[in-house]
Amino acid sequence: MKLEIDVKHHRLGARTGIVQTSKSQFNTPVFMPVGTRGAIRTIAAHDYKELGAEIVLGNAYHLMLRPGAKTVSDFGGLAKFSGWDGLTLTDSGGFQVFSLSPKVHDDGVRFRSTYDGSLIELTPEGAVHTQELLGADIQMVLDVCSALPSDESTLRQAMIRTHEWAKRAKKAHRRVGDQSLFGIIQGGDSELLRLESARRTVDLDFDGYAIGGLSVGESRQVMIDMLDVLEENNSFPQNQPRYLMGIGDPIGIIEAVLRGIDMFDCVLPTRLGRHGVLLTWEGKLHIRNAIHAKSEEPIDSNCSCKVCRNYSRGFIRHLVAQREASAPYLCSLHNLSWMFQYMNAIREAIKTSDVALVSLRNKIVSAYA
Ligand SMILES: [Zn+2]
């Protein structure tokens with residue numbers, strides 16, 4: 001199903017709107033928390049529903065190996081299986097597979113399972129079929145993700161292969177009534193390759209578009225340059241959603257929003273939470289620091305989450321220091337809630353004025369630089 005964005009406001013390159021899917025709708029710009037194995041680490045589905053999550057991402061790599069895509073399908077798909085009744089998006093598994101240094105050939109990738117060492121073959125068609133079984137509302141094509149830095153010919157080969165695989169994925173996609181398939185733009189840190197990849201991918205007419213292969217070791221400026229060149233050349237159809245894969249730090253999000261990006265995902269809020277690092281309007285707060293031991297303040301006095309309403313920094317620090325089982329839960333809960341409040345602030349600023357949006361950007365850059 002082709003997704004369209006009903007843009008309500010444009011502001012300085014940014015936009016806010018609503019995307020309608022066959023099941024429901026979501027507001028953009030949107031942050032999608034990552035439920036690697038069908039669950040966001042340490043947090044229950046009823047919690048993130050209450051926090052206001054709209055789409056949750058599942059990793060096809062993990063789910064196809066454990067418990068297996070067929071099992072998830074037998075439960076009625078990922079949303080039903082995981083007790084989450086909102087929207088879901090699955091990645092193709094490619095990103096995880098490429099981190100395992102797989103054997104890549106024209107037909108697909110061959111790798112060993114991190115669960116039991118068995119040899120597994122993933123093809124563009126297989127990735128589509130697996131994600132059809134997982135049943136997410138949005139699925140991603142299998143792409144070739146190169147680490148950065150890489151030389152031009154490696155990046156070019158990955159971009160061409162991504163394009164060839166995208167054609168095959170599109171042909172293999174059968175659940176067109178209730179599932180959307182996104183194409184992925186590659187090209188590393190080369191402006192020319194990014195533009196060529198965008199042109200080739202958009203020519204294939206996908207249901208939405210993603211930018212992959214960033215946040216793989218390059219500087220923030222490289223990411224910004226790639227987004228700028230795509231934006232300046234009107235590389236994307238105006239009425240379809242644009243997803244920047246794997247970027248979810250507060251500065252990265254607002255810089256990308258200002259360059260027309262609508263969708264984000266990242267493990268950052270929960271990963272930081274498990275390490276006692278908390279997201280606040282003043283920047284990262286390291287709750288282990290001794291300075292918080294006697295603090296009766298909440299983590300963030302401007303956060304409306306349950307953790308900030310009920311507990312002091314001193315108590316949270318005590319739980320983290322003593323490795324209480326509730327510590328990663330409470331820290332992740334706050335971080336995820338803060339992310340949703342942040343996305344809400346971004347959407348409000350886009351609606352309000354240029355000044356509001358620029359001042360939000362400046363506030364985040366000074367807090368998180
Ligand atoms: Zn909070």
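Observations
- Total formal charge among the other residues, if their Cβ is under 13 angstrom from that of G58, Lys/Arg +1 and Asp/Glu -1: +1
- Mean Cα-pair separation over length for the chain, i.e. relative contact order, pairs under 8 Å, 6 or more apart, %: 17
- All-pairs Cα distance distribution in the stretch 244-369, expressed in whole percent, bin size 5 Å: 2, 11, 21, 23, 17, 12, 8, 4, 1, 0
- Rounded tilt (10° steps) of 124-134 against the dominant C-alpha axis of the chain: 50
- FRET efficiency for S101 and S359, using Cβ-Cβ distance with R0 set to 35 Å, rounded to 0.05: 0.20
- Solvent-accessible surface (1.4 Å probe) assigned to Y209 amounts to roughly 0 Å².
- Residue of L244, L285, L193 that the Gaussian network model of the chain assigns the largest fluctuation, springs spanning Cα pairs under 10 Å: L285
- Charge sum, other residues only, whose C-beta stays under 13 Å from L272's C-beta, Lys/Arg counted +1 and Asp/Glu -1: +4
- Other residues whose C-beta falls under 15 angstrom from the C-beta of Q139 contribute a net charge of -1, scoring Lys and Arg +1 and Asp and Glu -1.
- Rounded percent of accessible protein surface that carbon and sulfur make up, the stretch 273-353, 1.4 Å probe: 45
- Averaged over its residues, the stretch 273-353 has an accessible area of 49 Å² per residue, based on protein heavy atoms and a 1.4 Å probe.
- Per residue accessible area of the stretch 4-266, 1.4 Å probe, in Å²: 38
- Cα-based reach from K284 at 16 Å (exclusive), listing aspartates and glutamates while leaving out same-chain residues under 8 positions away: D249, E297, D300
- Listed residue pairs exceeding 23 Å between alpha carbons, taken from K80/K167; K49/K351; K294/K363; K2/K171; K2/K351; K49/K80: K80/K167; K49/K351; K294/K363; K2/K351
- Accessible surface of the stretch 4-266 [probe 1.4 Å, protein heavy atoms]: carbon and sulfur percent: 49
- Centroid-to-centroid, using Cα positions, the stretch 175-226 and the stretch 322-341 are 32 Å apart.
- Working from Cα pairs under 8 Å separated by at least six residues, relative contact order for the stretch 273-353 is 34 percent.
- Kirkwood hydrodynamic radius over Cα pairs of the stretch 54-122, then Stokes diffusion coefficient at 37 °C and 0.692 mPa s, in µm²/s: 253
- FRET efficiency for S295 and S219, using Cβ-Cβ distance with R0 set to 35 Å, rounded to 0.05: 0.50
- The GluC sites (Glu not before Pro) found in the stretch 261-369 that occupy coil by DSSP, while having at most 14 further C-beta atoms within 10 Å, are E282, E296, E324.
- Shape class of the stretch 102-151 from the alpha-carbon gyration tensor: oblate, with a/c at 1.5 or above and b/c at least as large as a/b.
- Value of D in µm² per second that Stokes-Einstein yields for the chain, Kirkwood Rh from Cα pairs, at 20 °C (1.002 mPa s): 102
- Of the whole protein surface, D6 contributes about 80 Å² of accessible area at a 1.4 Å probe radius.
- Centre separation in Å (Cα based) which lies between the stretch 15-47 and the stretch 62-139: 19
- Applying a 4.7 Å Cβ-Cβ cutoff to the chain leaves C145, C266, C305, C331 as cysteine residues with no disulfide-compatible partner.
- The stretch 1-105, relative contact order [Cα under 8 Å, separation at least 6], %: 21
The values are calculated or read from the model by the stated rules, or taken from the named source; none is laboratory data. Computed from a predicted model, the values in this text were never measured in an experiment. Using ideal geometry, Cβ is built from the backbone for each residue, glycine included, and neighbour counts are taken over all protein chains shown. Remember, those area values only see protein heavy atoms, side chains included, never the ligands or the DNA or RNA. Shrake-Rupley method; radii C 1.70, N 1.55, O 1.52, S 1.80 Å.
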